[in-house]
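For reference, the structure discussed in these notes is given below.
The values are calculated or read from the model by the stated rules, or taken from the named source; none is laboratory data. These numbers come from a predicted model, not from an experiment. Positions of Cβ are generated from backbone atoms using ideal geometry, with glycine treated the same way; all protein chains shown enter the neighbour counts. Areas reflect the complete protein model, heavy atoms only, side chains present, ligands, DNA and RNA absent. Shrake-Rupley method; radii C 1.70, N 1.55, O 1.52, S 1.80 Å.
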Amino acid sequence: MSNSPDASPPPPIDPTGVATPPPPPPGYYPPPPAPERKGLGAVVLRVGLSVVVSLFLLSIIANVYQAVLIAGLTTGLQEDTFIEGSAEDGRVVILPVEGAIDDTMARYVREAVDHLVADPPAAVVLRVVSGGGGVTASDEIWHQLGRLASEPEQPVPVIASFGSVAASGGYYIAADADQIVCERTGITGSIGVIAQVPNVAGLFDKVGVEMHTVTAAGSDEKDLANNPFRTWTPADESVVQGLVDTMYEQFVEVVAQGRSFTDEQAREVATGAIYTADEALSAGLVDSIGYLDDAIALARTQANLPSDTRVTRVRKPGAGLLGLLGATASSTSTFQWSPDTARRWLDDFGQVRLAYLTQWVDRP
């Protein structure tokens, strides 16, 4: 071969003469590429960052919960806007009594009335949805509501609004209201007193437990109607009957005073019977049939307020976000069982419980 610069270049290779690989068979897919291997340090770093971020978020949640808990337990009663409007001539405040009437409810109403006396509204709508409860708690609430007519410079009219049930103690607390409005599907009445005393004498006999009770000389009646570990006697029944009758007379007096009844008229409705809204209206236990909005309109009229007057609703401490988080004032306490706890439980178990509580009684 000549290396002369005048020599011509070799001809191009003909591709038709080169063998090509065969195509893959039908249904064949090449395997995916192998994942890229990461070093151990990168994995540890990623896990560590996830843990740190999670702990940071949990810390924020815990701090928010604690702040809400402290605020809810230390903040007093507040008023939330129920209906927007003008407060130039005053405001109407809804005071709800919903649920069992007990010492906690009585304390809440006392605090609410303290708040309303300090900053009197033009009128109050007492919203009652309760089948009653304790005698003393009912009477305490009735007494506190009476302060709205005596302590502010101008008496605050109270319009009671009965929901699905406002009976027994639920009626007792509202008896002195200026007007009572009952929803047409509501029930009320059940004016009477009930006492329930548990007795475990039969149970203790079966399990072989004997309870010895000793009273001081001269105080033999200390054991009457107050010992759940023995069978009752006529003397026990007599003691409780006297208590029940006394509380009944008080209920009749409250109804007669609040509804301007004679004693005879009050006793005619104070049979323990349940009344529908229509029956209660005919008996004079309520003044009209209507809903909460009707009671609000009546409160505005009673206080000579325009129809666009602002309406607020008293909110319990701990409601709102705190309630959604499940925190209560008693949630921080820890229950511990001990012999003293058992004794206190047994002592409380044997106490006579007098109640203005709704019971289904057939009317004669």
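Observations, loosely collected:
- In the range 304-317, the residue that is surrounded by the fewest Cβ atoms within 10 Å (Cβ to Cβ) out of those that are part of a loop (DSSP other than H, G, I, E, B) and out of contact with any Ser or Thr (no Cβ under 8 Å at 6 or more places or on another chain) is 307.
Residues checked against (1) over 19 Å from residue 121 (Cα atoms); (2) surrounded by fewer than 19 Cβ atoms within 10 Å (Cβ to Cβ):
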position: 143; (1), (2): no, yes
position: 152; (1), (2): no, yes
position: 159; (1), (2): no, no
position: 175; (1), (2): yes, no
position: 181; (1), (2): yes, no
position: 185; (1), (2): yes, yes
position: 202; (1), (2): yes, yes
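- Residue in the range 62-83 that is at pLDDT 70 or above, more than 30 Å from residue 172 (Cβ to Cβ) and of a type in the set (D, E, K, R) present: no
This table checks each residue for (1) under 22 Å from the mean Cα position of the chain (by Cα); (2) under 19 Å from residue 107 (Cα atoms); (3) at pLDDT 95 or above.
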| position | (1), (2), (3) |
| --- | --- |
| 129 | yes, yes, yes |
| 148 | no, yes, yes |
| 171 | yes, yes, yes |
| 187 | yes, no, yes |
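- The helices (runs of 4 or more DSSP H) found entirely in the range 185-294 that carry 3 or more residues being touching a helix residue (DSSP H, G or I) at 6+ places or on another chain (Cβ under 8 Å) and in contact (Cβ under 8 Å) with a residue 60 or more places away in the chain are 234-259.
- For the range 297-311, the condition holds for no residue, the condition being that it is modelled with pLDDT under 60 and touching a helix residue (DSSP H, G or I) at 6+ places or on another chain (Cβ under 6 Å).
- Residue within the range 264-282 that is farther than 22 Å from residue 182 by Cα and open to solvent by 10 Å² or more (accessible area, probe 1.4 Å) present: yes
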